[in-house]
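The next block holds one structure in the form of structure tokens; read it before the comments.
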Amino acid sequence: RPSTNIMNVPFSKLTFVETLDHLSEMLEQKNSGSRPYHLITANPEIVMKYQTDSELRTIMDEADLITPDGSGIVLASRWQGDPIAERVTGCDLLTGLLEEGNGRGWSFYFLGADENTSRLAVDKITTQYSRVRIAGRHHGFFPADEEKAIVAEISAARPDVLVVALGAPAAEKWIYRNKQQLNAKLALGVGGSLDIIAG
Ligand code: UDP
């Protein structure tokens, strides 16, 4: 897939619709059991952290797709003379995946946000996308010693899509650290998207 480097971060040049098509195709084909497809939506702040955080650099270098989350990334690509068409944000991708998933009966697990936000967001998603299957949900303010149990719950639920709202780059690090056990086809961090959905 076409990409362009911005401060050494390889950004996808796919448009929003092309990205969603690519993910849909992957979700329809991918056999569970292998590690999840790791999608990162990276904003300028993450690009800056990439320069100094070697753990984050490894995670992003191994990611399956990095999309431009912010107009600053699109602008930078133009200045470099290798333009990216548009922003592809976590929030828009989540909405697109829910719409597509509603038609295809995909299952979603939602990790992150506070308990109230998590419950409200999943309630709203259930109402609006009634054929999306909810594999489970868990709030994002758990102590480190509960991580194993949460990973086991996700693994048993085998979601098509694992949505992680723990902030960036905490979500990316969480996905990377647990990816061998997650049993999800696609994993992505979505920042404050659950707060937006919860309203
Ligand atoms: N969050 C969480 N656990 C934490 C820290 C944050 O679940 O320990 C959630 C927070 O409630 C919000 C989401 O992560 O729903 C994104 O947080 P924020 O907007 O601060 O992150 P960023 O904009 O840096 O991605």
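So the values come out like this:
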item	result
Residues that are more than 30 Å from Ala198 (Cα to Cα) and among the hydroxyl-bearing types (Ser, Thr, Tyr), drawn from the stretch 49-94	Tyr50, Thr52, Ser54, Thr58, Ser77
Enumerated strands (runs of 3 or more DSSP E) restricted to the stretch 1-59, each holding at least 3 residues that are away from the ligand (no atom under 16 Å from the Cβ) and over 20 Å from Asp92 (Cα atoms)	3-6
Scan of the stretch 150-195 for residues that are of a type in the set (Asp, Glu) and either more than 17 Å from Thr41 (Cβ to Cβ) or more than 16 Å from the ligand (Cβ to nearest atom) (or both), ordered by number	Glu153, Asp160
Residue within the stretch 105-112 that is part of a helix (DSSP H, G or I) and either modelled with pLDDT of 95 or more or surrounded by 15 or more Cβ atoms within 10 Å (Cβ to Cβ) (or both) present	no
Condition check for Glu147: within 16 Å of the ligand (Cβ to nearest atom), closer than 22 Å to Ser34 by Cβ, among the charged types (D, E, K, R) and crowded, with 21+ Cβ neighbours inside 10 Å	no
Residue that is assigned to a strand (DSSP E or B) and of a type in the set (S, T, N, Q), where the choices are Thr95, Thr67	Thr67
Filter pass, Glu62 being modelled with pLDDT of 95 or more, within 23 Å of Leu182 (Cα to Cα), over 17 Å from the mean Cα position of the chain (by Cα) and surrounded by fewer than 17 Cβ atoms within 10 Å (Cβ to Cβ)	no
Any hit, the stretch 125-132, residues being in contact (Cβ under 8 Å) with a residue 60 or more places away in the chain and either closer than 14 Å to Ser193 by Cβ or surrounded by 18 or more Cβ atoms within 10 Å (Cβ to Cβ) (or both)	yes
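The values are calculated or read from the model by the stated rules, or taken from the named source; none is laboratory data. Keep in mind the model is a prediction, meaning the values are calculated, not measured. Virtual Cβ from ideal backbone geometry, glycine too; neighbours counted across all protein chains shown.
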